[in-house]
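Structure, as structure tokens:
Every number here is computed from the coordinates shown, using simple stated rules; none is lab data. What you see is a predicted model; the values in this text were computed from it and never measured. Glycine gets a Cβ as well: all are built from the backbone with ideal geometry, and neighbour counts include every protein chain shown.
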Amino acid sequence: MAKTIEEINKKIKDGNVVVLDAEEIIDYIEENGAKKAAKDVDIVTTATFGPMCSSGAFLNFGHSDPPIKMNKVWLNDVPAYSGLAAVDVYLGATELSESEGMNYGGAHVIEDLIQGKTIKLRATAHGTDCYPRKDIETYINKETINQAYLFNPRNVYQNYAVATNSSNKTIYTYMGKLLPRFGNATYSSAGQLNPLLNDPYYRTIGIGTKIFIGGAQGYIAWHGTQHNPNQHRIANGTTIGPGATLAVIGNIKEMSNNFIKAAIFPGYGVTMFMGIGIPIPVLDKEMIDFLKIKDEDIFTIIEDYSVQRRNKPTYGKVNYKQLRSGNIAINGKKVQTGSISSYAKAKSIAQYLANLIKEKKFFLTEPVSQLPQDEKFGNLEILSQEEI
């Protein structure tokens with residue numbers, strides 16, 4: 001019998017909800033069958049923890065006396081975008097410090113804010129009749145500013161390619177250090193714990209879905225940038241390659257550094273590791289058919305990151321069980337693999353979210369709109385004005 005989110009929320013309120021994480025449900029289905037699992041289990045928690053460069057924060061500082069309309073803003077010497085209102089900025093996670101370069105960036109400022117540390121604010125302005133001040137230098141923290149919330153345009157990739165390097169030199173990328181002549185291969189996915197691989201057609205994950213983000217409760221705000229639902233799929237609905245993405249939002253003041261970490265990728269720059277968990281309501285048996293997905297059922301492609309073209313050379317496909325074994329074969333060569341995301345951390349987030357639900361601290365929401373199933377995905381072309 002089908003369930004509704006309203007019915008499941010009542011079970012949470014009554015204290016008799018059954019919640020498993022996306023790893024536990026696999027064993028439950030194998031032991032009890034899909035039909036019984038659909039009846040018995042109400043929610044499956046999914047999660048991911050990995051570098052998500054397309055992240056950042058909106059901040060509002062409040063007005064000084066006299067007031068200032070900030071044109072240029074730095075936070076701990078990291079530039080923030082101020083082309084909004086007078087004292088609103090957007091701080092990108094990958095923005096670099098003007099004094100420390102790749103050793104410190106926007107992600108570090110966000111992490112410092114979450115920890116309650118003091119941040120140096122410096123701003124300049126051209127001055128107006130209503131905002132006469134032309135410069136300011138002061139210190140802020142998460143308690144002294146007004147709003148501070150993450151708004152991440154692209155998180156939680158449905159899937160992602162494996163990176164390797166066929167060239168004769170080591171290269172440094174957002175997929176980590178890649179050794180020459182297929183010396184290693186890196187990947188970034190929670191595989192069978194990944195939210196969008198457990199709900200591949202976005203039946204329950206949509207705009208307005210409540211999520212766990214960085215230790216707080218937040219929401220899916222929109223489909224993410226580079227959302228590509230037309231990515232090639234196999235029979236179980238999973239994509240081979242990136243697929244869908246999510247734009248997400250959450251309150252920095254409620255977050256924890258247990259679930260958000262700034263990071264430096266040598267030779268590439270700053271990024272931010274994000275922990276995100278999404279509960280999937282078990283509405284019917286069809287959901288169980290998706291939730292039984294295992295690492296060995298999820299495939300992705302192997303791409304050559306030494307070739308800097310849009311369409312990189314590929315070396316076949318591989319599943320996540322093979323990737324997690326520690327090595328794969330490329331052109332007949334045994335190649336060591338390594339993950340730049342953390343499966344163990346994703347598992348702990350899925351369990352943490354499950355406990356919040358059981359403790360009646362987290363309830364589900366109905367999506368107010370579905371994610372696009374047929375979004376056009378394009379690339380930047382180099383055109384002359386005459387070609388437009």
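List the trypsin sites (Lys or Arg not before Pro) within the stretch 1-81 that fall in a DSSP loop (any state other than H, G, I, E or B) and whose Cβ has at most 12 other Cβ atoms within 10 Å. Write down the numbers at each step before the final one.
Working: sites: 3, 10, 11, 13, 35, 36, 39, 69, 72; in loops: 3, 69.
Filter output for the stretch 1-81: empty list.
Tilt of helix 106-115 relative to the longest C-alpha principal axis of the chain, in degrees (0 to 90, nearest 10)?
So the inclination is approximately 90 degrees.
Compute the separation of the alpha-carbon centres of the stretch 141-197 and the stretch 229-286 and state it in Å as a whole number.
The two parts, judged by their Cα centres, are 10 Å apart.
Taking the Cα centre of the stretch 62-145 as the origin and placing charges on Cβ (Lys, Arg +1; Asp, Glu -1), which of 83, 118, 97 is farthest toward the positive end of the dipole?
Sorting the options by dipole projection puts first 83.
Applying the Karplus parametrisation 6.51 cos²θ - 1.76 cosθ + 1.60 with θ = phi - 60° to the phi angles of the stretch 152-163, what ³J(HN,Hα) value in whole Hz is obtained for each residue in order, glycine and proline being reported as x?
9, x, 8, 9, 6, 3, 5, 7, 7, 6, 7, 10
When only C-alpha pairs under 8 Å and at least 6 residues apart count, what is the relative contact order of the stretch 62-145, in percent?
This gives 32 percent for the stretch 62-145.
Under the 0.36 nm per residue contour assumption, what length would be gained going from the current alpha-carbon distance of residue 2 and residue 366 to full extension? Before the final figure, lay out each step's value.
Values: separation 364, 0.36 × 364 = 131.04 nm, distance 1.53 nm.
Full extension from residue 2 to residue 366 adds 129.5 nm.
So which GluC sites (Glu not before Pro) in the stretch 65-110 pass both tests, a DSSP loop state and at most 14 other Cβ atoms within 10 Å of the Cβ? Before the final figure, lay out each step's value.
Numbers: sites: 95, 98, 100; in loops: 95, 98, 100.
Sites meeting the loop and neighbour criteria: 98, 100.
Tell me, what HN-Hα J-couplings in whole Hz come from the Karplus equation 6.51 cos²θ - 1.76 cosθ + 1.60 at θ = phi - 60° for each residue of the stretch 125-135, using x for Gly and Pro?
Here the 3J(HN,Hα) series is 8, 8, x, 9, 4, 8, 10, x, 5, 10, 7 Hz.
Share of antiparallel DSSP beta bridges in the stretch 62-145, in percent to the nearest 5? The partial results should precede the final answer.
Working: 16 of 17 bridges.
So the antiparallel bridges in the stretch 62-145 amount to around 95 percent.
For the chain, take every pair of Cα atoms, bin their distances at 20 Å starting from 0, and report each bin as a whole percent.
Percent of pairs per bin, in order: 26, 53, 20, 1.
So how far, in whole Å, is the C-alpha centre of the stretch 27-42 from the one of the stretch 341-388?
Centre-to-centre distance over Cα atoms comes out at 26 Å.
Looking at the stretch 111-197, which GluC sites (Glu not before Pro) are DSSP coil and have at most 11 other C-beta atoms within 10 Å of their C-beta?
Values: sites: 111, 137, 143; in loops: 143.
When the GluC sites (Glu not before Pro) of the stretch 111-197 are filtered for loop state and at most 11 Cβ neighbours within 10 Å, 143 remain.
Express in nm, to one decimal, how much length is gained between residue 27 and residue 147 on full extension, taking 0.36 nm for each residue of separation and deducting their alpha carbon distance.
38.9 nm
Percent relative contact order of the chain, based on C-alpha pairs within less than 8 angstrom and at least six residues apart?
24
Just to be sure I follow the rule: in the stretch 62-145, considering lysines 8 or more places apart or on different chains, how many pairs have Cα atoms under 20 Å apart?
7
Going down the table (13/253; 39/253; 177/376; 210/317; 261/358; 169/317), which pairs top 29 Å between alpha carbons?
39/253; 177/376; 210/317
For residue 221, what is the net charge nearby, where nearby means another residue's Cβ is under 15 Å from its Cβ and Lys, Arg count +1, Asp, Glu -1? Show your work: numbers first, answer last.
Values: positive: 154, 210; negative: none.
After counting each charged neighbour, the total is +2.
From the residues 382, 17, 346, which one has its Cα farthest along the dipole of the chain in the positive direction, the dipole being from +1 and -1 charges on Cβ of Lys/Arg and Asp/Glu about the Cα centre?
Ranked along the dipole, the leading option is 346.
Report the residue, chosen from 228, 159, 146, that carries the largest GNM mean-square fluctuation when the chain is represented by alpha-carbon nodes joined by springs under 10 Å.
Maximum among the listed residues: 146.
Report ³J(HN,Hα) in whole Hz for each residue of the stretch 306-314, in order, from the Karplus equation J = 6.51 cos²θ - 1.76 cosθ + 1.60 where θ = phi - 60°; Gly and Pro get x.
Whole-Hz 3J(HN,Hα) from phi for the stretch 306-314: 7, 9, 8, 10, 4, 9, 6, x, 10.
Using helices alone, what [θ] at 222 nm do you get for the chain, with -39,500 (n - 2.57) per DSSP H run of 4 or more residues, divided over all residues and rounded to the nearest 500?
Result for the chain: -5000 deg cm²/dmol, rounded to the nearest 500.
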